[in-house]
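Taken together, the values in this text are just the output of simple stated rules run on the coordinates, not laboratory data. This is a predicted model, so every value here is computed, not measured. All Cβ positions, even for glycine, are placed from backbone atoms using ideal geometry, and neighbour counts span all protein chains on display.
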Amino acid sequence: MYSRQKLIWDFIKRHPYRVALALFMGFIASVLLILLPISLGKYFDLLFGYHSKRAHFLDALPFSFWDSIPEFILFFIVATALWLLSNFAYRYMTAELGLAFANELRVQLFERQMFIPLAEYDRKGYGKYLLRYSGDLGSIKNYLVRGVLRFAIDLGLILLALAGLYMLNAEILSGLLIGFGIIIIVVFFLNRILYNKSVQVRNKRSGLLAYVAQRLRAMDTIQAFNRYAPEEKRFERRSEIVYQAGKRYQFIYQLIFTLVPVMLYWALALTLYTFSITGDVSHAHHGNLVAFVLLFITVLPIFRRLLRISTVWKVGNISFQKLIRILDLGKTDHIPNTPFSWKGGAIELQQVGFSYDGQKFVLRGISAKIPPKTFAFVKGRTGSGKTTLIKLLMALYPPTEGQIFIDGQDICSVHPKSLRRHITVVSEEFPLLGRTVFEAISYSRKQEKRPKAQQILNYLQAQLPPERHLQLDDRIGELGDRLSKGQTKMLLYARAMLSGKPMLLIEDPFKNLHGKVKEQVIRWLEKKRGKCNVLFFASRAGLGKDAPEVDVEISL
């Protein structure tokens, strides 16, 4: 099982030196940041001839820049330069670590999504996963950079600052700590409200992205049927829901953002007022008091970050939960390791049924036997489950009921990749993937495949006019959207022919196929008789009278 802690710790173990160096540079920058305002107290001692006991600890530092104002100014310039270099190094290294963490998770996420059961995508849609690659990875990156690395440095810096403030003026510090306690309680309750609002915003935004992705893919339908107005209204309603959820979230978030510094200043004002009445305001303490206020102002942003860090954690936790769910869905340790052994392709279906939700069945009670190296016809009306059966045979869906055996092996007990090495498919449900014709029909896309790919393309287009021929380097658009229906079907056959696999599943074999190309396909299929299994999935009319004869017929 994946967890937030495991993902972060595994990353740190892969990059221990980079993480250690970033933290070290952050520690150096923190020490210098605390030292600079405190050293100004020493400047006042030198300027007015004061001798503050609480500034004497500065004399223990291994520097000789404390005897005169010019020497102090030189020290101050050098210290600020060192702070600039160390702070830049720390910020750049932590930012780069955040990018590296997001990049590694992005790659891991995509790899795992390749193994998520296809039924999960078909049930929930693809668009809802888009946010994982943008907003969620951004929140996870912030969790590492701001919630872990920067938090560790800020915590150390605050401890140093409190020590410095204590040495400068313990009375003022004690009053501030009481104020800090009150602020922490207020922010804690506001953050609990913010967490719930954040969950709502992310869920609504994810749903909107899914809606947009679906509509963009259906733009042909929207424009062809003049569905502009209803789609715009639906989008406006969904967008308004996201807007209102975002308003509620921003109200709480900005309240925390603005309330924290004001409450900190109020705590300081109240403490300073109390000190002016009851404290020691002698000249010997002027330098310390100025240094105290300067140090407080310097570390004020760090106080604010620490008080708001729970927001980073909570938002990051939401994103981690969504990411981990995908990683767990795509885990490969539940996939059988037993390889499939091809022996000819004998198929047996035993009371096979499939349902997305376990209630409404797409298929049910299908039993059949198909001998090896056979031409079989699986007939059924539209919606009878032909496409579902193809996906079951390829182990893309697991049967809800019953079992499927190929060569005597239950396909649910063998590794699906080893099974699919022997099966290819011609179906519009499996679109062309690639930028060019060659990329779309070649699995490996290796250049040595080009001569064979060209040979197959020439064969299929042999009876077409030359001006209608597709070339290997022709662009096909996104998932083949530049191609005609006939060209798409022809390339689906070319992809299957180039794979050379011994089992071929063909849905609506001649639908949209040009007559001359159909003749070439039929000749090719006839050559396959007795050499491999070919399963046609169609209605009787979809198979056609010119199709090869079949040995087995199955009705759905």
Practice prompt. For LYS531, go through the lysines and keep the ones whose alpha-carbon is under 17 Å away, minus same-chain ones fewer than eight residues off.
Written response: LYS343, LYS373, LYS501
Worksheet item: Just going by the charge dipole of the range 313-403, with Lys and Arg at +1 and Asp and Glu at -1 on Cβ, which of GLN321, ALA395, GLY383 is farthest out on the positive end?
Response: GLY383
Item to complete: Report the extension gain between ARG468 and LEU85 in nm, rounded to one decimal, defined as 0.36 nm multiplied by the number of residues separating them, less their alpha carbon distance.
Response: 131.4 nm
Worksheet item: Suppose R0 equals 35 Å; then what is the FRET efficiency for MET219 and LEU159 from their Cβ-Cβ distance, rounded to the nearest 0.05?
Response: 0.05
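How much net charge surrounds LYS528 when only other residues with a Cβ under 14 Å from its Cβ are counted (Lys, Arg +1; Asp, Glu -1)?
On the way: positive: LYS373, LYS501, ARG523, LYS527, ARG529, LYS531; negative: GLU526, GLU549, ASP551.
The answer is +3.
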Item to complete: Would you mind computing, in nm to one decimal, how far apart the modelled labels at ARG450 and LYS331 are, each placed 7 Å from Cα along Cα→Cβ?
Response: 4.5
Discussion item. Can you give me the C-alpha center-to-center distance between the range 455-506 and the range 1-36, rounded to a whole angstrom?
Written reply: 53
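Tally Lys/Arg at +1 and Asp/Glu at -1 over every other residue whose Cβ is under 12 Å from the Cβ of ALA496; what's the total? Walk me through the numbers before you get to the answer.
On the way: positive: LYS489, ARG495, LYS501, LYS528; negative: GLU507.
Surrounding charge for ALA496 is +3.
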Worksheet item: What is the gain in length, in nm to one decimal, between ILE241 and GLU429 on full extension, counting 0.36 nm per residue of separation less the C-alpha to C-alpha distance?
Response: 64.3 nm
Worksheet, complete the sentence: Any aspartates and glutamates whose Cα falls less than 20 Å from that of LYS360, other than same-chain ones fewer than 8 residues away, would be GLU120, ASP122, GLU401
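How long are the semi-axes of the equivalent ellipsoid of the range 452-497, defined as square roots of 5 times the Cα gyration tensor eigenvalues? Whole Å, largest first. Kindly include the intermediate steps, with their values, before the conclusion.
Details: eigenvalues 51, 31, 20 Å².
They are 16, 12, 10 Å, listed from largest to smallest.
Could you tell me what % of all Cα pairs in the range 347-555 have separations over 29 Å? Numbers along the way, then the final one.
Values: 5593 of 21736 pairs.
For the range 347-555, the fraction of Cα-Cα distances above 29 Å is 26 percent.
Using Cβ counts within 10 Å as a stand-in for footprinting exposure, how do ASP136, ASP551 rank, fewest first?
Details: ASP136 26, ASP551 14.
Taking fewest neighbouring Cβ atoms as first place, the list is ASP551, ASP136.
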